[in-house]
Amino acid sequence: MALYDNLFEPLAVGPVTIPNRIVRSAHSTLLSGEPLIAYHEARARGGVGMSTLEATNVLAPEGTRVPLGSDAVLQFYEEISARMRPHGMKLFQQIYNPGASVSPNLLPSLESPPSVGEIPNPLYNISPMAMTRGEIQGMTQAFAAAARRVRDGGLDGVDIHASSGYLIHEFLSPALNHREDEYGGSFENRMRFLEEIITAIRAEIGHDIAVGVRLPNEDYTPGGLTPELNAAIAQAVEDEVDYISLHMSSYWRFHKLIAPADDPLGTEMPSNRTITSVIRKPRMVVGRIMTLDHASAIVREGEGDLVSMVRALIADPELVNKARRLEESRIRPCIGTNMGCVGQIMSRGVLSCVVNRSAAQEDTQPFEPDDQAILPKKILVVGGGPAGLEAARTAALRGHRVSLHEATKSLGGQLVYARQAPHRADLGLIIDYLVSELNSLEVDISINSLVDEDVIADIAPDEIILATGSTPRTDGFQVAFPVEPVPGHHLPHVHTSWDVFSKHIVSGFSGQALVFDDIGTFEAISVADVLLAAGLKVTMVSRFEKIGEEVPFPPVTVGAARERLMAGNFDFIGGHCLRRIEQGAVHIGVPFTARERTLAADNVVMVGFKQPNRDLVEAIRSMDRTVHLIGDALGRNDLMSAIHGGADIGRSI
């Protein structure tokens, strides 16, 4: 018996039977060919009941990742469907046209994006072209032809994307659809485009494969679609489709499309209930559903029939099978930062995952190392932060004898502090997981253990991994003036982020606080959250122009935090440096200009570059031992680099 039996019951969705209730709704990977097949195959092997290939433009020509606009796509579909079939996972394709929600980098220089009207998308700032009646009819037929190719290629279903602010959503939305013809104005007219697409698809493929539609539950476009309007849309189309998938938001509030850890688990369920309670067809729900326990409760309470756990399955493609084997504690958790998945997609065009080194690289790198060390070694890991823990875990999986020494009383490194900040508790889940794994692997762990030459000589390791992290600088350093310390940095009311998180000094703060952000990450945001929660007036001064500017793709990683901060007693001043700190005041300016401003500040927190802890490097090298430096000791100062570096060294030694 599985731990959550109701999740492992099959469900009929039109002509298709989904073997279990854990599914993957469509999400961008920007992969193609074998990497894309291997990515989905890893989740199929892991027990997922259904997976949907990412939203693909029905006009995508040959030469694109999935050339859905021509029969050239059939060869790829035949290969990927054949690879999924032995695992029992059903494979769908989401079809769409982006409308105005398209990057100008993807548009030919002589084209304007087709749309319901001329309202620009807030992220890309292009005024689109209103579609003519002929263009609408042509687009409708393109959807039908795409559905035929999905069927002919051997896939199990097609998912019509009518959400997220894309083309069909634009027609449905009273905020975006200002047309005065039969496609605009009344509810019935705004529905016409979607209904004609569904009719055309049914005329093309009948009921040979499943046909579903993804609808918004709440779109957060001012004056747009509310849960009540979306319930009416769902009721209007449900007789013509086999399932309805619900998803929140649009580009007007981008972070709600992929809710970060700032939002509660199950953040979309309150909006979903208005819709799921009035429709009869199978319902797919999403929105920070990270655990099997939560998914099981949703199905048990009748709030959804299929539960999409996209990011949880990026973090651990074996999630379903582990639950079946009663190994829930061994599921690698998603920590909800969005920095590895959508953050990397939108900033670098590459899918990744903070906690899973192999995500989107399954064709070359398995989820866990599948080789054993030819010659098992004695490995000493110095440092129990995320880099050291992952290095120790991976090395132990490969058969090495591993001992880990941590200088403080707690494992977790800087995440010990970070998980204490408001809205950041999920960060600690990866530490809990890694520590549990090390205990299962019987890694020898020593805390409160400073490592020096004598300790190394006593252990006599074959190789040493230094994951000693970094420590906040207290010498007044700022990047804008690398030679000159900030005058006044030594005053007693000047603190580091670690002081704020670890020494309980905030209870003694009062009045106004100034946070200086010299690195543009979430660290300064979390400091501001702590100070605001303590009732202080907070001003953040940064050398960057935006809050969290160095975090990958801030609209989806920092957007929720920015809203939260700006809703409080908070101000932000970007593009400035510190001139000097005095008792009760801080003088700031713009680098390379003479202008200076003075801000009241009873307490100052400097969030800047840390000093990598590398003292042991030379000592170890003088002992003629092999040493590897990973994590923040390399000066990288980000969680994904730490975990990935630990995985890489553990797989290679």
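Can you report the number of residues in the range 221-235 which are surrounded by fewer than 19 Cβ atoms within 10 Å (Cβ to Cβ) and in a loop (DSSP other than H, G, I, E, B)?
Summing the residues that are surrounded by fewer than 19 Cβ atoms within 10 Å (Cβ to Cβ) and in a loop (DSSP other than H, G, I, E, B) in the range 221-235 gives 3.
Count, please, the residues in the range 449-475 that happen to be touching a residue at least 24 places away in the same chain (Cβ under 8 Å), within 34 Å of the chain's Cα centre (by Cα) and part of a loop (DSSP other than H, G, I, E, B).
We begin by selecting, within the range 449-475, every residue touching a residue at least 24 places away in the same chain (Cβ under 8 Å); these are 449-453, 455-457, 459-473.
Retained after the next criterion (residues that are within 34 Å of the chain's Cα centre (by Cα)): 464-473.
Remaining after also requiring part of a loop (DSSP other than H, G, I, E, B): 467-469, 473.
Qualifying residue count, the range 449-475: 4.
Out of Pro122, Pro104, Pro114, which single residue is modelled with pLDDT of 95 or more and assigned by TED's automatic domain parsing to the domain that holds Pro61?
On the way: Pro122 fails: modelled with pLDDT of 95 or more; Pro104 fails: modelled with pLDDT of 95 or more.
Residue meeting the stated conditions: Pro114.
Among the listed residues Ala145, Ala162, which satisfies the condition of being in the same structural domain as Tyr220 (by TED's automatic domain parsing) and in contact with a Gly (Cβ under 9 Å, 6 or more places away or on another chain)?
Working: Ala162 fails: in contact with a Gly (Cβ under 9 Å, 6 or more places away or on another chain).
It is Ala145.
Has the range 3-13 got at least one residue that is closer than 28 Å to Ile168 by Cβ and surrounded by fewer than 19 Cβ atoms within 10 Å (Cβ to Cβ)?
Narrowing the range 3-13 to residues closer than 28 Å to Ile168 by Cβ: 11-13.
This time we only want the ones that are surrounded by fewer than 19 Cβ atoms within 10 Å (Cβ to Cβ), so: 11-12.
Yes: one or more hits.
Among residues belonging to the range 483-512 that are under 26 Å from Leu639 (Cβ atoms) and without any contact (Cβ under 8 Å) to a residue 24 or more places away in the chain, point out the one that is farthest from the chain's Cα centre (by Cα). If you could, list the steps in order and put the result at the bottom.
Step one: of the range 483-512, the residues under 26 Å from Leu639 (Cβ atoms) are 495-506.
Of the ones still in play, those that are also without any contact (Cβ under 8 Å) to a residue 24 or more places away in the chain are 503-505.
Values: Lys503: 31, His504: 31, Ile505: 33 Å.
It comes out as Ile505.
Among the residues of the range 91-124, how many are closer than 19 Å to Gly224 by Cα and over 23 Å from the mean Cα position of the chain (by Cα)?
Adding up the residues that qualify gives 8.
So which of Leu531, Leu578, Leu565, Leu599 ends up being in a helix (DSSP H, G or I), of a type outside the set (Asp, Glu), at pLDDT 95 or above and more than 25 Å from Gly343 (Cβ to Cβ)?
Leu531
Among the residues in the range 90-99, are any in the same structural domain as Arg324 (by TED's automatic domain parsing), out of contact with any Asp or Glu (no Cβ under 9 Å at 6 or more places or on another chain) and assigned to a loop (DSSP other than H, G, I, E, B)?
yes
What tally of residues in the range 292-321 results from selecting those that are surrounded by fewer than 20 Cβ atoms within 10 Å (Cβ to Cβ) and not in a helix (DSSP H, G or I)?
Residues in the range 292-321 being surrounded by fewer than 20 Cβ atoms within 10 Å (Cβ to Cβ) and not in a helix (DSSP H, G or I): 3 in total.
May I ask you to list pairs of residues, at least six apart or on different chains, whose Cβ atoms are under 8 Å apart, with the first in the range 176-195 being without any contact (Cβ under 8 Å) to a residue 24 or more places away in the chain and assigned by TED's automatic domain parsing to the domain that holds Glu238 and the second being aliphatic (A, V, I, L, M) and surrounded by 13 or more Cβ atoms within 10 Å (Cβ to Cβ)?
Arg190/Leu172
Condition check: small (Gly, Ala, Ser), buried (at least 22 other Cβ atoms within 10 Å of the Cβ), in contact (Cβ under 8 Å) with a residue 12 or more places away in the chain and over 17 Å from Ala633 (Cβ atoms). Does Ala418 satisfy that?
So Ala418 fails the test.
For the structure I just gave you, tell me whether Ile525 is closer than 17 Å to Thr471 by Cα, modelled with pLDDT of 95 or more and either among the hydroxyl-bearing types (Ser, Thr, Tyr) or within 26 Å of the chain's Cα centre (by Cα) (or both).
Numbers: closer than 17 Å to Thr471 by Cα: no; modelled with pLDDT of 95 or more: yes; either among the hydroxyl-bearing types (Ser, Thr, Tyr) or within 26 Å of the chain's Cα centre (by Cα) (or both): yes.
No.
Where the second residue is of a type in the set (D, E, K, R) and the first is part of a helix (DSSP H, G or I) and lies in the range 130-151, which pairs have Cβ atoms under 6 Å and are six or more apart or on separate chains?
Thr140/Glu196; Ala144/Glu204; Ala147/Glu204; Arg148/Glu204; Arg151/Asp208
Give the residue that is surrounded by the fewest Cβ atoms within 10 Å (Cβ to Cβ), with candidates limited to residues of the range 534-562 that are of a type in the set (D, E, K, R) and farther than 14 Å from Met339 by Cβ.
Only one residue fits best here, namely Glu545.
Residues checked against (1) assigned to a loop (DSSP other than H, G, I, E, B); (2) among the aliphatic types (A, V, I, L, M):
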| residue | (1), (2) |
| --- | --- |
| Gly388 | no, no |
| Leu404 | no, yes |
| Ala407 | yes, yes |
| Tyr417 | no, no |
| Ala421 | yes, yes |
| Asp426 | no, no |
| Ile430 | no, yes |
| Leu438 | no, yes |
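The values are calculated or read from the model by the stated rules, or taken from the named source; none is laboratory data. Worth saying up front: this structure is predicted, and the values here are computed from it rather than measured. Please note: Cβ atoms are built from the backbone with ideal geometry, for glycine as well, and neighbour counts cover all protein chains shown.
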